[in-house]
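Heads up: the structure comes next, in structure tokens.
A short reminder: the numbers here are calculations on the coordinates, not readings from a lab. All of these numbers come straight from a predicted model, not from anything done at the bench. Cβ placement follows ideal geometry from the backbone for every residue including glycine, while neighbour counts extend to all protein chains displayed.
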Amino acid sequence: MNLLVFCCRLLPILVILFGVNSSFALEPAKDTRQSSYQLMTPENQAMQDDPNLNPALFWVMDGHSLWKEKAGKKNVSCASCHGDSAQKMVGVATQFPKVQKGKLQTLEGQINQCRTSQQEAPEFAYESKELLALTTYVATQSKGLPIAIQETPQNKKDLQQGRQFFNERMGQLNLSCAQCHQDRAGLKLGGSLIPQGHPTAYPIYRIEWQTMGSLQRRLRNCMSGVRAKQFEYGSKEMAQLELFLMWRARGMPLETPGVRP
């Protein structure tokens, strides 16, 4: 029997085997990523899920007021340009950080950019009630939508730098983000489970803080914890690290406004 005849006879058998026996089928890799929401107690999960219990809703309401409030020399509001946030802001937060006019911009940075250029108003300070409120309000319009960060020619270098920051040891403790939130995720540190570090719910109301806080505040807390020099609020380095973290969480649903212990 020549080789061609043998292969022709063998092919139908292989098709039957692989088509009928599911044990031969290649299954897609399981997504093992996990929001830190899944590590919370049922009580804390209920606090996030129930609008009547979620304290972040106070910031959402303030953000709604700021959206309509005219400001600056031009005396215009966010709504003057963007209209109905429930329509025009859907999906926006899932795309940040993103490169805008050649600069990597976080959502907070874009809000301040709009204030200075479109309203001719002063920037909101980072971690101010106003910036947190407006950022939370905008992000809430995308709740439940998948994070949509992708690598592009425009953000490639920033994404690579953010990845380097994530894997780079820093501080007197000589630890990296990856060593905790990737290599040791699910283990305990000081009695608490180490999360995977996916930023799916920011800005968050953190019970420890008793207030809202941005992802940048949380990152600075981590840097302080390993005795490292903290990146400045609004810095390029902070935006690059935030970009990588959001890319790492791509496809996961946005939970804003989130609650964390």
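Put in order of Cβ neighbour count within 10 Å, fewest first, the listed residues Trp247, Trp59, Trp209 become Trp209, Trp247, Trp59. Computed over region 35-261, relative contact order equals 28 percent, with contacts defined as Cα pairs under 8 Å that lie 6+ residues apart.
Post the alpha-carbon centroid distance, region 230-261 to region 50-120, in whole angstrom. After rounding, the separation between the Cα centres reads 17 Å. Taking the number of Cβ atoms within 10 Å of each Cβ as an exposure proxy, the fewest-first ranking of Ile194, Ile207, Ile147 is Ile207, Ile194, Ile147. Stretching the chain fully between Lys229 and Glu43 yields a gain of 63.4 nm (0.36 nm per residue, less the alpha carbon separation).
A Förster distance of 22 Å, applied to the separation of the beta-carbon atoms of Gln160 and Asp183, puts the FRET efficiency at 0.60.
Which of the three applies to region 32-169, rounded, prolate or oblate, going by the alpha-carbon gyration tensor with a ≥ b ≥ c and a/c under 1.5 meaning rounded? Judged from the Cα gyration tensor, region 32-169 comes out oblate (a/c at least 1.5, b/c at or above a/b). Remark on Ser77: its backbone amide H falls under 5 Å from those of Ala71, a criterion applied only to residues 5 or more positions apart or on other chains, H modelled at 1.01 Å from N. Over the chain, dividing the summed -39,500 (n - 2.57) contributions of all DSSP H runs of at least 4 residues by the number of residues returns a 222 nm mean residue ellipticity of -12000 deg cm²/dmol. The Kirkwood radius of region 35-261, taken over pairs of alpha-carbon atoms, gives through the Stokes-Einstein law at 4 °C and 1.567 mPa s a diffusion coefficient of 72 µm² s⁻¹. Stretching Ser128 away from Asn75 to a fully extended chain increases their span by 16.9 nm, per 0.36 nm per residue minus the current alpha-carbon distance. The lysines whose alpha-carbon is closer than 27 Å to the alpha-carbon of Lys157, local same-chain residues fewer than 8 away aside, are Lys98, Lys101, Lys103, Lys229, Lys236. Less than 5 angstrom separates the built amide H of Val99 from those of Gln105, all sequence-distant by 5 or more or on a different chain. Which of the three applies to region 178-261, rounded, prolate or oblate, going by the alpha-carbon gyration tensor with a ≥ b ≥ c and a/c under 1.5 meaning rounded? Here region 178-261 falls in the rounded category.
Label positions at Glu168 and Glu237, each projected 7 Å from the Cα along the C-beta direction, are separated by 0.7 nm. Of Glu168, Glu108, the sequence from fewest to most neighbouring Cβ atoms within 10 angstrom is Glu168, Glu108.
List the residues of region 222-255 whose backbone N lies under 18 Å from a point placed 7 Å from the Cα of Thr116 along the Cα-to-Cβ direction. Only 232-240 fall inside the zone, counting backbone N under 18 Å.
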